[in-house]
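Inspection log for the structure reproduced underneath, given as structure tokens.
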Amino acid sequence: MSPRLVPSIRFRLTAWYTLVLCLMLVLYASATFVTVRHEFLEQLDADLYEDFEAAEGLIIRTPQGGFTWAADRHHDPDNDEDRGADVWAANGEQIYRSRASSVLPPAALSAASAQPHYDSVVSNGSRWRTLTRTATVDGVAVVLRVARSEDRLRTQLWEILTVLVFGLPVVAVFAGVGGYILARRALTPIDRLAAEARRITADRLHERLSVPNQRDEIGRLAAVINDTFARLEASFDQLRRFTADASHELRTPLAVIRGIGEVGLGETRTPAEYKEAMGSMLEEVDRLTTLVDTLLRLSHGDAGTVRLSRAPVDLGQITRDVISSLAILAEERNQGITINDPDRVVANVDRLVVREAITNLLDNAVKYSPAGSRIDIRVRSDGGQAILEVADQGPGVAAAHRERIFDRFFRLDEARSRASGGTGLGLAIAKWAVEVHGGRISVDENPSGGSVFRITLPLTPSAGDPKQHAHATQASGGRP
């Protein structure tokens, strides 16, 4: 369906409101009509029974042994066109027949009994309601039938039905107009929010929507939109910082390469000097390549295109492998690295990804810890979680920087970081590697000085069962 043909919410609310109201009115009118009709019929039957009792008292025995109708001026069927009465003797002889009941067929005398029998009869296009029952006059049984016309009752019912049928469309029209006005007033705040949101562009993300009432649905919607704008503002700020930092990081090695090239071309150099210049240029190219590769990896991680090869991994063993690979760097600074992993801690993770996170944390600790210091690593499990802690004796991280330290290109000491050859992306890589496994990474203050970087990962459910550990190791080809 074309967007132009899709009705507005205001129109749909009005249509649904009118439709539901009409259905309710139809049900209510139908129930009302049925109830009124039932009451009218019950009242007609009650009137017939009163007529029967009155007529029963008007039948008298004559001295000759016959029966006669002793009509009075208050109850004379011959003077009423809507009421009639018939009396038959037990032998079928017609004792009395009123003028109104003359149009009715004879009653079934054989079916008459002491129980009242109500029936509806159609005669000459008119409907009559009759009550037939036996009566006893001076010990002799007779059959008495009283009748009343249903025309007046049906005329009243038809008038009621006409009012209900023709009144329903009028009520529906008024309901639709009222529903449209109500829907318009109810949706006016949304139109106002849309107009305010339309004015908020990428350059005005600091602005927020007005929230007149935070407790109603419109207020909660505005609060959610404001939260979305806040996240967008934070994302845009982070993107601007990332763009600026990435541009700066890329420009630095390019400027160095250009400077070396201009110096080399400025005057004639010896082969050894050219070789040294080319070596410096290659170092900057390697640094630039590493930076671009890291950015690409983070980009793939953000896009969710990195596939993890999860398997049960012994975190203590993989940490020992990382220590072995970085032992030369620690020996150059006369640093000692200790690991405390008394229990076997197994997590279902991608071995290479988690190894890179541990490598970045340990490499960071080696770079920023003073010479001759000690780096302590502890691997443990706690409450269904695998915890790996790297404690160094470096300068530490201030509380104000502990959240941003995992941001890309964030450095506490620019000069020192560049001198050590860092790109400012190591901790960002570590954060991504941990979070992609459903874990978290944090940094706290080391009581003995320095920092404690902590990785928390979901523990493999079978980590507490040595037999299941052995089974998992065997299934993965003997590698933890």
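Here are the numbers:
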{"item": "Members of the stretch 103-131 that are open to solvent by 80 Å² or more (accessible area, probe 1.4 Å) and hydroxyl-bearing (S, T, Y)", "result": "S110"}
{"item": "Segments classed as strands (runs of 3 or more DSSP E), wholly inside the stretch 42-95, with at least 1 members that are within 20 Å of V121 (Cα to Cα) and modelled with pLDDT of 85 or more", "result": "83-89"}
{"item": "Scan of the stretch 346-372 for residues that are of a type in the set (S, T, Y) and either in contact with a Ser or Thr (Cβ under 6 Å, 6 or more places away or on another chain) or open to solvent by 10 Å² or more (accessible area, probe 1.4 Å) (or both), ordered by number", "result": "T359, Y368"}
{"item": "In the stretch 210-234, the residues that are at pLDDT 80 or above and among the polar types (S, T, N, Q)", "result": "S210, N226, T228"}
{"item": "Residue satisfying condition, being buried (at least 20 other Cβ atoms within 10 Å of the Cβ), β-branched (V, I, T) and either assigned to a loop (DSSP other than H, G, I, E, B) or in contact (Cβ under 8 Å) with a residue 24 or more places away in the chain (or both), within set I318, I339, I387, I323", "result": "I318"}
{"item": "The stretch 212-239: number of residues that are free of Cβ contacts under 8 Å to residues at least 24 places away in the same chain, within 19 Å of R192 (Cα to Cα) and either open to solvent by 90 Å² or more (accessible area, probe 1.4 Å) or of a type outside the set (V, I, T) (or both)", "result": "11"}
{"item": "Out of T162, T134, sole residue that is assigned to a strand (DSSP E or B) and open to solvent by less than 70 Å² (accessible area, probe 1.4 Å)", "result": "T134"}
{"item": "Selection status of T252, β-branched (V, I, T), at pLDDT below 75 and open to solvent by less than 80 Å² (accessible area, probe 1.4 Å)", "result": "yes"}
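The values are calculated or read from the model by the stated rules, or taken from the named source; none is laboratory data. Small disclaimer: the values here were computed from a predicted structure and weren't measured. Using ideal geometry, Cβ is built from the backbone for each residue, glycine included, and neighbour counts are taken over all protein chains shown. What goes into the accessible areas is simple: the full protein's heavy atoms, side chains included, and nothing from ligands, DNA or RNA. Shrake-Rupley method; radii C 1.70, N 1.55, O 1.52, S 1.80 Å.
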